[in-house]
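The values are calculated or read from the model by the stated rules, or taken from the named source; none is laboratory data. Please read all numbers here as calculations on a predicted model, not as lab measurements. Cβ placement follows ideal geometry from the backbone for every residue including glycine, while neighbour counts extend to all protein chains displayed. Surface areas here come from the heavy atoms of the whole protein model, side chains and all, with no ligands, DNA or RNA. Shrake-Rupley method; radii C 1.70, N 1.55, O 1.52, S 1.80 Å.
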Amino acid sequence: MEDIQSKLLKKSKKAKLEQFGKTISFIAILFIVVVVVAIFYFVASKGLATFFKDKVNVFDFLFGKEWNPGSVSESGKPLVGALPMIAGSFIVTLLSAIIATPFAIGAAVFMTEISPKLGTKVLQPVIELLVGIPSVVYGFIGLSVVVPAVRSVFGGSGFGILAGTFVLFVMILPTVTSMTVDALRAVPRHYREASLALGATRWQTIYKVVLRAAVPGILTAVVFGMARAFGEALAIQMVIGNASLMPHNLITPASTLTSVLTMGIGNTVMGTLENNALWSLALLLLLMSLFFNIVTRLIGKKGEMK
Amino acid sequence: MIASVGFILTVTGCGAVDNGESINAVGSSAMQPLVEAAGEQYSSNHLGKFINVQGGGSGTVLSQVQAGAVQIGDSDLFAEEKEGIDSKLLVDHKVAIVGLTPIVNKEVGVSDITMENLRKIFTGEITNWREVGGKDQDVVLINRAAGSGSRHTFEQWVLDGKQPKGSQEQDSTGMVRQIVSTTPGAISYVAFSYVTKDVATLNIDGVKPTEDNVKDNKWTIWSYEHMYTKGKPEGLTKDFLEYMLSDEVQEDIVPQLGYIPVSQMQVERDVEGNIQKISK
């Protein structure tokens, strides 16, 4: 009798295992949270030093047009205007997203609605393959193919926002496409059936029902693609020309936050203004990726299919 | 039984592979090939002693040396020239000299240029190759990243304190050469060792960019390759630095990789750029 009682009251082996698993997951999550907080703290403490320690005006930093942290202007202020890079980053990101979106939606519609067989067998692996190519390869192709092409078609030296846009377009296309595919697949089957039962053609169903229902998912995909484009460093650095000048057109050298950051960080001494200014750029990048994250969350929440 | 276990422990204890010593030599990517080659040679001559060589830029490493994080900091610049470094803490070891030359795209049609015109090109006063006797072609400036050693050296000896024109910047010498060789009208500058037949060099005021001209300072665009240590070097660091200055490295590896041995210089230059003849 007692035996049975104690057996029943004791935790079973499976419950113990579950407890064990829970603890491990919790520790893992806690670790990730600590890492994220630590990164934020580190970047923020370094990045804010520009404003607190070196007394740079935040507005001068965000809207100044001259970037030359090593020297000072005539009025004695350090030249740390980040507007050229901020503008460069936003322009390439927006342009590449604008070009990539229609391609991605077209490909996704083909893969899910028009030819699912070909889609899963051929296109899906191809797209996944594109994701796996290292960005230095994209950069090198950009340097040896895209830049000369831009130069001979549009003039200039070829380096600039246009070349950057083309390279980023190819880089974010797979991300946006595969996420759009997921969004389209998530549209319930009975939507399509109901539409077809009402006598709608296939095109009407795709255009008026499936795509409409998937809008939040597609938007999420685009924002994700933009986040990737915004944070891409290596490939864009190879083709954009890295000149800290305000972009006046698409074919003169410009720069992005990431390209300036990666080029400069090894050449500066920790704790100096030059170094802190670069960390401020890093902080800006971090805040932007936070922003992109929040946007995707908001879109996802708003458009939940019930 | 216990005795035999004890015996095994002592044997393995004594016979444990000597993990050896290692030091880190980090810094300037321009010096990386030289230090790597010398480090490898040194390790193969001295078993169990390793020299870890890494690139990453002249700037960061000086603060790392100062903080004691690495033993040797490779730099193209005098530590005095970098802000935020207390150069009194560091000891300078000049191990080689590197000459820099302007390189241009082969099609620009210019092979000789005056120092003044070269300066005007980099400050943006001259924007077409026609103005210096070349083809009617726009000048495409390609600079190295701000703060890089090569850029500093070039601007110090060519620009004469004038502000460079804002232009394209590239991170690495290899990339610069690649871009100059494929972009019409491009001009940039690289170390002598990076010159290949894909690009053309420019003579300045009739002086050719050769090692002999650097040795007597006829060709003025050159810099020392420094290895900085914190305080006087000791142990392996000291041995390795001595090895860097030994004949084996200076007469073999240094010229092979396109650098100029310190011992062959006929002049000496200090931080301010004052030139002194070395009396022999």
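The table below lists the values:
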item: Base-10 log of normalised Debye intensity for the protein assembly as shown (one unit scatterer per alpha-carbon) at q = 0.06, 0.07 Å⁻¹; result: -0.43, -0.57
item: Rg/Rh for region A:244-306, where both radii come from Cα atoms and Rh is the Kirkwood radius; result: 1.19
item: Shielding by partners - mean other protein chain Cβ count within 10 Å, residues of B:139-146; result: 5
item: Share antiparallel - DSSP beta bridges, chain B, percent rounded to 5; result: 60
item: Additional length obtainable on full extension of the chain from A:Phe90 to A:Ser289, 0.36 nm per residue less Cα span; result: 70.4 nm
item: For chain B: accessible area per residue (Å², 1.4 Å); result: 46
item: Heavy-atom accessible area ranking, 1.4 Å probe, most first, across B:Ser87, A:Ser195, A:Ser45; result: A:Ser45, B:Ser87, A:Ser195
item: Distance between modelled label sites at B:Ser43 and B:Lys135, nm, 7 Å Cα→Cβ extension; result: 4.6
item: Accessible-area composition of the protein assembly as shown, carbon plus sulfur, in percent [1.4 Å probe]; result: 61
item: Charge context of A:Ala200, other residues only, Cβ under 12 angstrom, K/R +1, D/E -1; result: +2
item: Ellipticity estimate at 222 nm from DSSP helix runs (n ≥ 4, -39,500 (n - 2.57)) divided over chain B, nearest 500; result: -8000 deg cm²/dmol
item: Solvent-accessible area per residue, Å², over region A:83-304 with all protein chains present [probe radius 1.4 Å]; result: 44
item: Pairwise burial A:B, computed as accessible area of each alone minus the pair, summed, 1.4 Å, Å²; result: 1900
item: Most to least accessible of B:Asp76, B:Asp171 (protein chains only, probe 1.4 Å); result: B:Asp171, B:Asp76
item: Sites B:Glu234 and A:Val37, calculated FRET efficiency, Cβ-Cβ separation with R0 35 Å, nearest 0.05; result: 0.30
item: Charge context of A:Leu9, other residues only, Cβ under 15 angstrom, K/R +1, D/E -1; result: +3
item: Using alpha-carbon coordinates, inclination of helix A:83-109 to the longest axis of chain A, degrees; result: 30
item: Computed accessible area, B:Asp198, all protein chains, 1.4 angstrom probe, square angstrom; result: 90
item: Chain A, Cα convex hull volume normalised per residue, Å³; result: 221
item: Partners for A:Lys13 among lysines (Cα-Cα distance below 21 Å; same-chain residues under 8 apart left out); result: A:Lys22
item: Highest-MSF residue in chain B out of B:Gln66, B:Gln264, B:Gln54 [GNM, Cα springs under 10 Å]; result: B:Gln264
item: The protein assembly as shown - share of DSSP beta bridges that are antiparallel (%, nearest 5); result: 65
item: Proximal aspartates and glutamates to B:Lys197, defined as alpha-carbon separation beneath 15 angstrom and excluding residues fewer than eight positions away on the same chain; result: B:Glu107
item: Sites B:Ser263 and A:Ile27 - FRET efficiency at Förster radius 60 Å, r taken between beta-carbons, to 0.05; result: 0.50
item: Candidates A:Val43, A:Val35, A:Val260, ranked by Gaussian network fluctuation over chain A, Cα under 10 Å, top entry; result: A:Val35
item: Positive-end residue, region A:83-304 charge dipole about Cα centroid, Cβ charges, pick of A:Val92, A:Pro148, A:Gly160; result: A:Val92
item: Within a Gaussian network of chain A (alpha carbon springs, distance under 10 Å), most fluctuating of A:Glu232, A:Glu113, A:Glu193; result: A:Glu193
item: Share of pairwise Cα separations in chain B, more than 26 Å, in percent; result: 48
item: Accessible area, probe 1.4 Å, largest first, for residues A:Arg192, B:Arg269; result: A:Arg192, B:Arg269
item: Scattering profile of region A:202-297 at q = 0.10, 0.11 Å⁻¹ [log10 I(q)/I(0), Debye over alpha-carbon scatterers]; result: -0.42, -0.49
